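Reading through the structure tokens given below for one structure.
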Amino acid sequence: MKRSVSDLAVFGGRPEFLNPILVGQPNNIDRRRFFDRMNWALDNQWLSNGGPLVQEFEERVADLAGVRNCVATCNATAALQLYARAARLTGEIVMPSMTFVATAHAMRWLGLKPVFCDVDPDTGCIGVPQVEAVLTERTAAILGVHLWGRACPVDELEKVAADRGIPLFFDAAHAIGCSTSGRPVGGFGAVEVFSFHATKVVSAFEGGAVVTDDDELAGQIRALHNFGIGPYGHEAGGTNAKLSEAGAAMGLTSLDALPEATRRNEENYDLYRAELDELPGVSLVEFDRRERNNYQYVIVKIDESVTGIGRDLLQELLAAEKIVTKRYFSPACHELAPYATENPVELPHTENLARSVLAVPTGTRTTAEDIRRVCGVIRLAVTEGRTVRERWRRRENAEHALADPGRVV
Ligand code: T4K
């Protein structure tokens with residue numbers, strides 16, 4: 001247990017962990033079930049192109065999302081693009097900047113123009129006022145992101161989109177197994193898109209899915225993800241965005257483990273809360289307990305004006321302790337190339353959030369003891385925030401002076 005600033009690894013102390021603990025560590029699965037599925041696929045010599053495991057995976061994802069159709073894909077980025085192609089979108093897509101850059105890149109790659117709007121400062125999601133501030137006659141669609149698994153205000157956004165006569169769709173990469181107003185994420189807007197990347201609560205190694213109640217649209221997306229082949233062939237032709245049977249074997253096994261992953265994630269979240277509660281300048285982004293949540297992203301907010309230590313320094317200090325956190329999402333998309341130069345905008349709430357949030361390790365590999373130790377380091381760093389910052393500044397100045405003896409510091 002570290003007691004003083006000198007115990008911190010950045011100042012020469014022993015790192016808190018011998019082996020790194022990471023945000024995004026894949027959740028545990030039942031390996032026997034996974035290998036049974038893989039052996040079955042290998043025995044049957046059916047490895048891709050909508051095989052039985054992909055079909056089963058699609059059925060189970062559709063069930064969970066409460067919709068009629070699911071098209072499994074190689075990742076969520078491609079899934080977003082498939083919808084944009086199927087819907088023949090051209091022009092501007094209104095979306096948050098507070099998201100993984102994949103959301104914006106997916107659209108730009110197709111020649112669409114991401115138009116970033118600000119977010120609600122509490123939820124990090126877009127809402128009606130933020131969207132209305134940037135809607136123009138060039139807006140082709142609204143793309144909401146259920147950030148950190150917390151759903152956007154779907155009903156209000158659906159109304160805005162309907163009033164304007166433009167489609168609304170959702171990047172639900174973080175939100176499998178979540179609900180809003182008691183209804184599962186998956187059935188809102190024209191389509192919703194899940195990610196099954198290795199770091200997600202349900203993983204297919206790499207993978208994604210488009211879910212929708214629109215049978216015609218689902219048919220078109222299914223064709224588009226397989227070179228345009230099938231009864232719903234599309235003038236856009238098609239691409240190859242299929243999920244493999246190996247991915248589906250993993251996805252199914254990961255779905256089997258979802259209840260346990262959710263239970264453990266919730267316990268972890270509660271422990272972070274208990275450990276960090278009442279630490280001035282530190283708060284956790286809340287989950288609405290009336291809803292179903294997957295609790296996959298535990299987001300700590302740091303208010304530097306109170307703690308004296310900023311989020312970036314805290315992250316650096318944690319990294320030295322072998323605690324790997326992620327700044328989901330900083331810089332925000334509008335601050336990144338190519339958007340920062342192509343379409344400079346100011347989004348105060350987004351910028352504030354992007355500067356202050358840190359995703360901390362959770363998932364089934366993270367133990368209660370790990371969390372207590374992580375929180376112990378955070379507590380020390382924050383309660384001694386001003387001392388840490390000052391010592392860090394002196395250390396940096398000394399390093400610069402060594403590198404450049406003539407420099408005045
Ligand atoms: N929309 C949103 C809102 C998204 O968050 C994402 C993806 C997408 C769309 C696009 O979905 P996909 O097309 O990927 O299906 C990671 C993921 O690569 C990315 O999928 C995810 N969001 C994003 C939030 O996180 P990075 O750049 O942070 O990955 P990386 O390599 O730094 O790894 C993250 C952490 O996970 C590290 O602490 C290491 C750990 N990790 C990672 C992998 C791959 C492991 O422990 N094991 C692993 O196998 O983007």
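The values are calculated or read from the model by the stated rules, or taken from the named source; none is laboratory data. On a predicted model such as this, the values are computed, not experimentally measured, just so you know. Using ideal geometry, Cβ is built from the backbone for each residue, glycine included, and neighbour counts are taken over all protein chains shown. Calculation scope for accessible area: heavy atoms of the full protein, side chains included, ligands and nucleic acids excluded. Shrake-Rupley method; radii C 1.70, N 1.55, O 1.52, S 1.80 Å.
General remarks:
- Cα centroid separation - the stretch 86-143 against the stretch 152-231, whole Å: 15 Å
- Positive end of the dipole of the stretch 207-354 (Cβ unit charges, origin at the Cα centre): among 217, 232, 276, the Cα lying farthest that way belongs to 232.
- Highest-first arrangement of 125-132, 231-238, where packing means the average Cβ count within 10 Å: 125-132, 231-238
- Going by accessible surface with a 1.4 Å probe and the largest first, 250, 107, 38, 1 read 1, 38, 250, 107.
- For the chain: relative contact order, % (alpha-carbon pairs under 8 angstrom, 6 or more apart): 22 percent
- A Förster distance of 35 Å, applied to the separation of the beta-carbon atoms of residue 35 and residue 396, puts the FRET efficiency at 0.10.
- For the chain, carbon and sulfur atoms together expose 50% of the accessible surface, with a 1.4 angstrom probe and every protein chain in place.
- The stretch 169-276, Cα convex hull volume normalised per residue, Å³: 125 Å³
- Trypsin sites (Lys or Arg not before Pro) within the stretch 1-73, DSSP loop, no more than 10 other Cβ atoms inside 10 Å: 3
- Plainly put, the stretch 31-256 has a radius of gyration that is 0.97 times its Kirkwood radius, both from alpha-carbon atoms, as the Rg/Rh ratio.
- Taking all pairs of distinct alpha-carbon atoms in the chain, Kirkwood radius in angstrom: 22.5 Å
- For the stretch 51-167, alpha-carbon Rg and Dmax in angstrom: 14.9, 46
- Summed over the residues of the chain and divided among them, the accessible surface reaches 44 Å² per residue at a probe radius of 1.4 Å.
- Comparing mean-square fluctuations of 54, 115, 285 from a GNM of the chain with C-alpha springs under 10 Å, the top value falls on 285.
- Among 182, 310, 281: highest mean-square fluctuation, GNM of the chain, C-alpha pairs under 10 Å: 182
- Straight-distance crosslink candidates among lysines, where the alpha carbon sits under 26 Å from residue 159 and sequence neighbours closer than 8 are dropped: 113
- Count Lys and Arg as plus one, Asp and Glu as minus one, and take only other residues whose Cβ is under 14 Å from that of residue 29; the net charge is then +3.
- Since only 82, 42, 5 are under comparison, the one whose Cα sits farthest along the positive direction of the charge dipole of the stretch 1-139, derived from C-beta charges on Lys, Arg, Asp and Glu, is 42.
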